[in-house]
Every structure is written in C-alpha cells, then in structure tokens.
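As structure tokens, the structure follows; a few thoughts come after it.
Only the coordinates and a few stated rules stand behind these numbers; no lab work does. Everything quoted here is computed from the prediction, not taken from an experiment. Positions of Cβ are backbone-derived with ideal geometry, glycine not excepted, and every protein chain shown enters the neighbour counts.
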There are 2 protein chains.
Amino acid sequence: MDIGALLTSAGINIAVCVVLLSLYSILRKQPSNDSVYFMRRLISEKIKPDPLGLERLVPSASWIVRAWQATDEDVLVAGGVDALVFLRIVVFSIRIFIIAAVICVFLVLPVNYYGQEMQHKKIGAESLEVFTIGNVKEGSIWFWVHCLALYVISCSACVLLYFEYKSITKMRLAHITGSPVNPSHFTVLVRGIPWSRDHSYSETVEQFFSTYYPASYVSHQMVYRASRVDKLMKDAEKMCRMLKTIELQNRESYMPSCLSGGTTHSFTSLNIKPESFKSKTSNSDGLQPSQTDKERSAAFVFFRTRYDAVVAAQVLQSSNPMLWVTQLAPEPNDVYWSNLSIPYKQVWLRRIATLLGAIVFMFLFLVPVTFVQGLTQLDQLRQTFPFLRGILKQKFMNQLVTGYLPSVILMLFMYAVPPTMMLFSTIEGVVSRSERKKSACIKVLYFTIWNVFFVNVLSGSIIRQLSVFSSVKDIPTQLAKAVPTQATFFTTYVLTSGWASLSCEVIQLFPFLCNWFKKFIPRTQEEPCSSSALTFPHHTEIPRLLLFGLLGFTCSIMAPLILPFLLVYFFLSFLVYRNQILNVYVPEYESGGLFWPIVHNTTIFSLVLTQVIALGVFGIKRSPVASGFIIPLIFLTLLFNEYCRQRFSPVFKRSPAQVLIEKDRQEENLGRGEEIYKLLRTSYCQFPLLCPDLSISQDPSTSQDSMPGNSGQKKDHESSKDPESPNPGMILVLTGSRLLSL
Amino acid sequence: MDIGALLTSAGINIAVCVVLLSLYSILRKQPSNDSVYFMRRLISEKIKPDPLGLERLVPSASWIVRAWQATDEDVLVAGGVDALVFLRIVVFSIRIFIIAAVICVFLVLPVNYYGQEMQHKKIGAESLEVFTIGNVKEGSIWFWVHCLALYVISCSACVLLYFEYKSITKMRLAHITGSPVNPSHFTVLVRGIPWSRDHSYSETVEQFFSTYYPASYVSHQMVYRASRVDKLMKDAEKMCRMLKTIELQNRESYMPSCLSGGTTHSFTSLNIKPESFKSKTSNSDGLQPSQTDKERSAAFVFFRTRYDAVVAAQVLQSSNPMLWVTQLAPEPNDVYWSNLSIPYKQVWLRRIATLLGAIVFMFLFLVPVTFVQGLTQLDQLRQTFPFLRGILKQKFMNQLVTGYLPSVILMLFMYAVPPTMMLFSTIEGVVSRSERKKSACIKVLYFTIWNVFFVNVLSGSIIRQLSVFSSVKDIPTQLAKAVPTQATFFTTYVLTSGWASLSCEVIQLFPFLCNWFKKFIPRTQEEPCSSSALTFPHHTEIPRLLLFGLLGFTCSIMAPLILPFLLVYFFLSFLVYRNQILNVYVPEYESGGLFWPIVHNTTIFSLVLTQVIALGVFGIKRSPVASGFIIPLIFLTLLFNEYCRQRFSPVFKRSPAQVLIEKDRQEENLGRGEEIYKLLRTSYCQFPLLCPDLSISQDPSTSQDSMPGNSGQKKDHESSKDPESPNPGMILVLTGSRLLSL
C-alpha cells in the first residue's frame, strides 16, 4: 500500500464522517427525534429544544461548540463520575499522543525515511513501508533516536497516568463523601443465608444481624423469587402505561387512569385491604406463607451508618465462607434482580463456566478474522480467487479492497461481540448492572486486543498462530517482524473502525430507526421515561479507546504515520462523547470510577508490549546498545505499575474508614438520621408495583419513631412492612378479553 | 541401573539409618545431652529424665514406642496447632501412598513388567526400566489399568485432602476460640503512621484511634528504633546471664546477682529513679525527647475486644492506602522487631527485590545440579573423565557412583538453601517470625521442586533446559519422556536424601556438636532457656515432605517401584517428627495452621502435573482413549481445588466475625476484661530489660481503673507508661575492664 491508497482511504472516511455529522446536525434539530438525541435532557431537565424554522434544514456545528464549551462540572452533573472518568481516558489519550506525535513525526519519521541510502520516489507514490522502522538499515547508529523517543513516551505516559489515577481516586472519594445520601452506602447485600427448618430466611437474617450487629442493624429486605404472576404484572404495567399514552394522545379523558381502578372497561385494580393481609400473616414479617416460600437466600440489610455497613461488608462473617457472604450493595437502580436469586454456591461454578465459554468464543472468532487478514494480501487473494483478477486490476478497486474492505468486515463482525459478552456476564451471576458492564468490558477488551491486535499481527493461518504461541522465547522477535508490516492495516483500521464508529455513535442509527418506525405504530409511542433510555455503553467504548491506545503505542516508533490519524480520532471522540453524555445517555447507576483500574492496567500492558516489540526490533536490527537500554525501561514501567497498585488501587476495592466515619458524623450532627432510614426502607424495591412508596405518603405519625435502642430498631424494621401504611400493595387483575382486542 | 544396584543403595541406607537411630537411642540417654534431645521438656515441663545406669549404653526402641503412643492431644499441647498440622501432612501422605502403593504394585506393576513380549532375566539382574511404563508396548489395550489407577489415586487424594482441609479449618477455629487469652487477638499492628511536625508518632496514633475508634481503642505501644545502646544492653544482658551461670556452677554466692547492683566487681546496674524520668518528660507519653526521636512509624494498638481488633485490621483506614496500614498483630514472641522499623513504603520494593533475588539464586543453583545429573549417566562421565574408567569398571564403585553419590552431593548443596531463603525472607520486611518462616517455606518449596524435580527431569545442559522451556506445547511430551527414565534417580533420592535426612534430623548433629564443644568451654554453659531452644523448622521440613509427595505422585503409575521406599520414609518420618515435636522443638509462636494452604496447593499441583505427564505418556504410547479419559480428570481436579479455595481458604486469611463475637461475649460474661487489659499492656515488649512487668508487680491501686468511657482509656494508656510504677526501666552500665578480662 502506498501513500496514495492511504489518502484514498482517508478521503473516503473523511467524506463519510462529514456527511454523517452534517446529517446528525440536521436530524438533531427535528423535534420528532428529540427522544433519540436529547433523551437525557428530556428526562432529567424536562427541556424540549424549540423548533427553529428553516434553520432546521441547514447543517451547523453548534453542537460541537456546545460540547467543547461544557465544563467538567456539567459532565459530572449530566453523566456522573463514570462519564467523567470515561472522558479522562480520552483526554489522557489526547495528551500522550500529542507528545508521541510531536516526537515521532519530527524525530523518528525522518530517521525512518532516510534510514537507507535509496532513491526516493515522489512522495505520493512512496510505499508506506518506507516510513516504518523497517527502512532503517541494520546496525544503524540512529537507533538511539527510537530509543530516546520510547523513553520520552513511556515516561510521559507514566507521569500522566499517575496524575490521572490520583485525580480519579480523589474523584471517587468525593463521590462517596460529596454525593447526596446514597442508600447503597448504608446497605449490605447478604447472600448464602443458611436455610433452616424452623425459620424463614427473613427471620434467620433478622436473628443473625440483631445478634451480631445489635447496635448498627436497622432492618432488612428479602429478595423474592420472581414468579409468573410477577412477570404478568410487569407486562400489565407496561400495557397500562401504553394505554395511558394513547389516552393522552387522544386528548380525551374518557378512559380513567387504569391504576385508579375504573369501571368503564375491564381493567380492574384491586386495592387489597391491609386487614386481609394482616389476617393471613403467619410470621412477624407480615408475609403470607406463600411469600415465605418465595424468599431466596439473599437479602439487603440496612445499617445505621456508612461505616457500619462497610465493616459488615468487609469482615468475614461465618466460619463457613460460603454462608453469610456480604458485600456492599449496589445502588437501587443498579441491582440486577434476577441474578440475586442464584444460590451463592453456584456463583463460582458459573464464573468458571463463563470464563471457559468466553475463551472458546474468542478462538472461534479466529475464522472471520483470518478471512479478513487474507484480504489485505492481494496477491494471495488473486491466487485463491482467479475470477477476481479482472476486478482487482482496476486501481481504485485495488485500493478499496486493500484499504477499506478488510476493516469494514472486521468491524461488522465486531458488532456481535459486546452483546455476546454481555450475555456471558449475565450468566456469570453478577448482582449489579454496573458490575455486569464492567465484567463485559473486561471480556470485550481481552477479546478485542486478542482478535484485532494479536491475531492480525501474528496471523496467516490459525495453525501458524498456535505454533507461534508454542515458542515463548520467540514472541518478541515474531512481534517485531510483524508489527511494522501490519502498521498499514492498523492505520486504515483507525480510519474506518475509529472514525466511522464515532459517526455511527453520534447518529445513533438503531434508536433512530426504532423511533422512525414508532411513528407508523402510534400506540407504542411512550412518554420519555428512564426504562427506554440508554445508559452509557462503557463495555463497548472503553475497549475501543484502549485498543486504539494500544495501536498508537505499539506503532508510535515503528510506524509513526498512524499518529496524526489517531489524534484526529481522539479529538473527534472527545467532542462526540461529550455531546452524547450531555444529551443522550442517562446515568441510571454509578460505579464510582471502577473502570479506571482496567484502563490503567491496559495502558501499562500497551507500554510494556511496545517496549518488548522494540526490544525485538532492535534485536533484529542488530543494535545491542538500544536493546540494552530498553530492558531497564521495561523494568521501571512494571515497577511504576506496582507502585500505583499499592498506592491507589485499594481505594477502588474498599472504602476508606476515615472518610466514611467523618461523613457519618457530619450527617449525625445535622440530625439527618430519620430521613435516611426512611429513604432506606423504600429504596430497594424488587416489584415496583408492590412497593409502598413510604417516603412520599407515609403517615406523619409513623415517622416519629425514635432511633436509639434495640427495641426502636425492631419497630423500624417492622414498620417497613407495616400493613397499616396507607399505600398498600396493589394487585392488578387483567381480564384477558380487552387485552386480546388490543 | 538394575535391581541389584537399587538394593545395594537401599542396603547402605538401611545400615546407615539403623546405625544412626541406634546411636540416637544411646545418646539420648546421656544426661549431658538432655539440652539437645529434651530441650522442650526441660523448658516447659522442667522434667529431667533420670540416668539409667548400664542401660544407658544399650540401644533401645523405647523412643519409637513413646512417639507411637502419644495422642494428638499430646502433640497439640507440646507443639501447638502448627506441629499438629505438620503431622497431618505426614498422615495424609501415608494414607494416600498406601492406597497408591496397593493399586500400583498389584495392578500397574505386573502390567508394566509383562508389557512387552520379552525374555525376562533373573529378577535381581533385571533393569529397573522393565518396571516402568516405558516397557508397555505402544497402543497396548492395557493402558486402561494406568488410567484407572490414576483415577483412583486422584479421587482418593481429593477426598483425603477435603477432609484434611476441613479438619484443619476446624482446628484453626478452635485455636482462636479455645486458646487462653492471646494478646495478639486484641492487637492490631499499624504501620505507615503519617509523620507530623507538631506531634510525635505516639500522639498521632492516639489521636487517630481515639477519634475513629473511641469505643474500642484501649491503648497503644510504639515501636522504637533499636539504637546501639540497646544492642549493647542486650549484649550486657547475655553476658550477665552467662556470669550468673558460672556463679551457680561454682556453687558459691560470693558474686552477687549482677542485676541487683553489686560492689565487688565493676558491673553497675543503675536503678534510675522514676522521678528523674518524670522531670524530663516533655510530652504526655512520659517519653524523653530523645525517645520521641527514636519512635518509628509503627505501633501496636490494643482494642477492647477481638472483634474490634479484627475490624480495625480488615478495614481500609485511610484514603491513602500507604498510610495507616493495619493488620492483626503477630503473637508477642512471634514479632520480628527489627523489621518493624522498616518504613511501610519500602516494603513492596523489598518484596520485589527479594523475589528477583530468589529467582536469580534459583537459576544460579543449576550449576551444581547439572553436575550431579552428569554423574547418573555413567557413559557420559567416562567420556568426560577418561582417567576414571579404571575405577568405574569395578562393579561396586559403579553402583556407588550411579546409585548414591549424586544424591548425596545434591543433598549437601541443598543444605545451603534454607538459610539463604530465610535471609531473603528477612530482607523482605515481614513483621513476624512465623510469617518469615512461611515465606521462606514457599521459597524453599519452589526452589526444591524446580531444582530437584524439573531440572533433573529436563536436564542435560542448562542451554537445553531453556530451549525446553521455550516450547510450551511440548512440555507434557518432554516430561513424559523424561520422568520414567529419571525414576531410578528419584528412587535413590528417596533412599539417600529422605531416609538419611530423617536420621540426621533425629540425631540433631549440629546442636549435638555445639553441646559437646560447650563442655570444653564451661563458661558458656547456660541454663536451658527459650532463647537457645530451636523452633520447628517448618521451612525445611514441609518442602521436603511435599517434594517426596510430588515424586510419589508423578512416579506412581510410571514407575511404581518407588512407592514402597516412599512409604517407609513417611512411616519413619511420622515417628521421628513426633518424637522431635514431643521432646526437642519449643513452640515459641503459632501461626494457627497457616501452612496448610501451601500444602494443599502443592498437592493439587502434584496431582495435575502427574495427570499432565500421564497425558503425555499416553500420547507417546498412542493410546488416544486413555488420553481422552485424562483430560476430564485434570479439569475435575482443578475444579475441586477451586471449590476448596472458595470453601476453606478465606478462614486462613481472615478471622470469622461470628466466632470472635461469641468468644468476646463469653469472656465479657466471665468479667475477664480487666485481666485482659493488664495482659495487653505488658505483652508487647521491644526491650525486655526496659519493660516493666506490670502483670506481676503492679500496684493493686493502679489496677482498679474502670474501663468504660473515653477518659478511662486515656488513663489506661498512660498507666502503661506510668513512671510511678514500681518496676522502672533499668540501665545497665558495663565498665569495660571486667568484660575484657573474660
């Protein structure tokens, strides 16, 4: 591939990007698309942008300006810590690759270009290989330039990483202390509650925690098995909401709100009288026997203070570590309820099974990747498919096939990966949606790095790859041989997969089409609500950014031409993701920056890999001095990583007591205890329809219970299930006839 | 090597063993050797065995009978949990190798022997190779016997391991709950105390813990830098004790006890008046300014209950994880004081440095091992050293060189390893002697397995080894080729290193010689005291047992002839170690069975390695069915290991809250709080001479302070340093003249 082909590819991609971004700037101005492009604003700020008349049809760059002008505080408010951490990845990448680009383009590129005494062609027709380290002759004294460049890049990356880690740690702590009362900080998720013949799970939990944590235990809430009735009820709720929408649309209120129990149609909502509940209760929890049967061996246990919750979560409870397994509870919106029913004993088995599944999937994926790899080697293609020779002789087709097609095919295949990995993570048995995303993120990351980077670098056929892997010692040499030659492919991959994916991201093709179809089926049009909103897809976007980071590092001194394209990608992604976070994605839950350690570790991995490849290259090029200088660099990088692991990572695993105790005391002084306990009692709600919203409508008389003392607790605890509370559980009975007619 | 040579080797070793054990049975009856062979009894039971007249010179087996008759309770009382756990390793090995021996000798051995149609020689002249799996012809249908044997051995090993792990976990818990009050359960070791300009470290600690743990914090004790004066004082103390012994020997008390301050000679012990201390105090701790300077950033912090201590130890204290690092304190006797002065920030660096050091040491050791390996291949030896040909032609010399010499040389080299690894573990910065031993144990274990097993199996030359390791895929095949042929060497290794090491162990050569020399230098004779007593050398004995376990497993179905010898070794070691635990070693500290997870993991490793080798062998022997049956076995073994890791290992890392809280309440009901606090204040004593022994001589009036409330704590805390207490610090001043004349 020569410069011309690369520019063709770049041209196509720039054109595609410009078209898509312009299209986006028009589409976003159409009020009918608000639910696609302004979902977050619609939900949280309730603001609908005004229609703008004729201006609606003219593309503009106003969204770029707005995304640029937004401050970090805006992002934090709009997307939470996780969104800000995500943007820090982009900012870090921009910073480090500006440094790398300056050094590599002005220092390394000339050395590569004039590395051999040769007749240079016109720059346009020059092969890309001339710009790689492969062009420097063996034993050249100029390798110190590469070595120096690598030192500068590694050191600046480490310094930048250190400050990012430090500031994100601070951000995480500020998230714990600064946030408004978060019920998850007071709550511990208990799994593996032992089964007993005499007591229900609920009684066992109460007994255990009031025995061992008498001063700090407030109350608890069991997890129930979701039965068919519950699922039916969920469907009914959905249906009901739909009908409500139609009702509103028709602007006639002949149809009374279905939840209030109408008579004109066959929806009947039974307001079950508290007394009927009470008469049937067989235990202190006010639960029916059937409900006791439905209890699972998991519960949310509420504590008086944050510190108490952290202690209960971090201490080993029982002498059998498979029982009374505690961890800090996820946020209420973050809970993945259906996985809570999984017995804790199964979890480790599931984890192993999904790990194996993911590995098998990773290797099965080699088939399409190998096919793609074949496309970049035209000669091979011509030999395999002789009938293509005619087409491939045309210059444009040639450039298209080598420069564009492979990465498009790869990209399409790659779209299937995140949902698969998400499925694996679901089966794994994680208890929160953020954890599921994190687990999927790690899987997608390994997958991407393996299948895009290593397989492309080392490929040929599957068999050759495996034989490559059987000789550990030769890996640096193998990589050193392959990376510079594959740099072309990676450059085009940045152009196609990178730039194009950003355009796709901003245009939100799938939600846009859904929205468009909905217009033809008016009944399914809904009010904007959080259930239809999208959360930020960390599990696809973080691996992508990190992959480009890896490509950037490994190619930096080998084939510096990739860097300008990469920088454009990162700049564009900075704007696009900011825009998306501000306008589209709804932050339903928060992991508090838990993604950063993954990013840190991957960056260190990329750096060390780059250094190992450089070691291999200097070995091949017979420059022992340069090789000698690289070895301490590898060692220092690993040492830096170990330092960061010691210095920062514990905060991402456990919450520091000092911070929590201070926050607790602060709130105690403000006398907010009452308020918090009320919030706790209502926040974790498995079946939204059945949950009495105590925080809004609770009788003032019941909220006066004083906190201290053991008896007070029990009272609290029971009042959370108090059948007398004015918002009792409702059961919606659907008579099927009307349903069918819909 | 043929059966004859093996029997020669066995004969030599049996003779050596019988001689040494008989010698031992005589030596132990000599009263002058009591301090060598009955150290534990002398210290803990104060019993001196009676001289027996003429019987003293006749060898007897009474010690074997006594060791056999001792119950587990006796062992527990004599040696603690760690000793019992050690004996469980031996018992486990005996059990599993009885099963393996029965199956392999009666099932596998005949299959191997008749595996090929061949003319068998007389059994005595039969080569050992005939008894290995190498003798079974390719594609034989009889491999199902090996496969079955491996299944039986693996399954019984897993079942036995499970029950051992379970019972040791119980033992550990019983150790926590059943033991008399152990100050270490109430104490947290804090490192990384932040330095502040305004406060001493002691004040900072008090401030921190009385702020964040007001209800549970009792007091604390700083760690001081050991200055030259302290070292001088320690020497002086030693000297003093020595003089005291001489005094007692001379049976004349013309020399007053040096500690009471005599006048007849130039030892002067200054009883520094409490007032003089008091007048100089500049801070609340009652410390002199110089003493404040000597404070290190580490302290022992005492808590009210066990649970409080565990919480403080398990929770992350500060938002900077390098500050306020807490862990449960080691037992007072277990503390390795000089390492406590190491700043916590250095610890991770030291750990990496020692790891690298240990790896380098491991590879440097290849040189002698390679030399030893050469000796077993006689032909090679003859070629290298032609002048040896004459000697080697003699049959006896031949057998001696191939059967005996290599493992003796190896054994001698191996004696240098444990002290080196102990040194590495000391440099590592561990805070307790048991932890140091555990860390050294792991290092010695890796070292032994690598240098005895792998290097011997894969050797030839160093270069060939490295090239073996560069091809990961071929490892099973390589091992499969090498292990059966090396089985001869391993069998002789069991005979020499195993049996002989037990004889050496029981005879305690080095202490015996020391004791013997002491007789000629009467002044250095000391009263039996714990400082000269030996603690059980877990770090040398556990790796040895595990190595023999590994050899047993890997050779079991390949070369079953090793098993009877191995069983003899384990039986003998059962008797010898029991005897040693009951009579010789003094249990100064206790890790509570922390060695077991190492044993468990190594045994699993041995099993999986055996299975992988079997896979390789079946591959070479073209028995795909047998190979196919091995793969699920490997998977199941790993799964079992993972289950045990989930089920048991957390208890070895963290103490379960439930157990601790119950124990705390029990003691609270008994009203033992006072007693415990008193014990706490005196138990951690860095400079024994300076430590006031409050528990014995404290004024009754000061021990009446009531516990509850914050002010009470402060009082406790200060009273631990109370200058008014009747046993003030003493400084012993040595005037050099007398010292020189000694």
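Computed quantities for the displayed model
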quantity: Exposure proxy ranking, count of Cβ atoms within 10 Å, fewest first, for B:R225, B:R296; calculated: B:R225, B:R296
quantity: Average beta-carbon neighbours from other chains, 10 Å sphere, peptide A:439-446; calculated: 0
quantity: Relative exposure of A:Y585, A:Y446, B:Y577, judged by other C-beta atoms within 10 Å (fewest first); calculated: A:Y446, A:Y585, B:Y577
quantity: Fewest-first ranking of B:S140, A:S184, using other Cβ atoms within 10 Å as the exposure measure; calculated: B:S140, A:S184
quantity: B:W516 versus B:L349: modelled label distance in nm, points set 7 Å from Cα along the beta carbon direction; calculated: 4.8 nm
quantity: Nearest-first distances (nm) between copies at A:L349, label 7 Å from Cα via Cβ; calculated: 4.9
quantity: Other-copy label distances relative to A:P564, 7 angstrom Cα-Cβ extension, nm; calculated: 8.2
quantity: Segment B:92-179: GluC sites (Glu not before Pro) falling in loop per DSSP and having at most 11 other Cβ within 10 Å; calculated: B:E117, B:E138
quantity: Average other protein chain Cβ within 10 Å of Cβ, residues B:645-652; calculated: 4
quantity: Net length gained if the chain between A:I98 and A:R672 were fully extended (0.36 nm per residue, minus Cα distance); calculated: 201.7 nm
quantity: Segment B:124-183 and segment A:531-602: distance between their alpha carbon centers, rounded to Å; calculated: 50 Å
quantity: Entries of B:K234/B:K678; A:K29/A:K170; A:K170/A:K443 with Cα pairs more than 29 Å apart; calculated: A:K29/A:K170
quantity: Prolate/oblate/rounded label for segment B:576-651 (Cα gyration tensor, a/c 1.5); calculated: oblate
quantity: Nearest-first distances (nm) between copies at A:F517, label 7 Å from Cα via Cβ; calculated: 9.0
quantity: Förster-model FRET efficiency, 51 Å R0, B:F361 and A:I14, C-beta, rounded to 0.05; calculated: 0.30
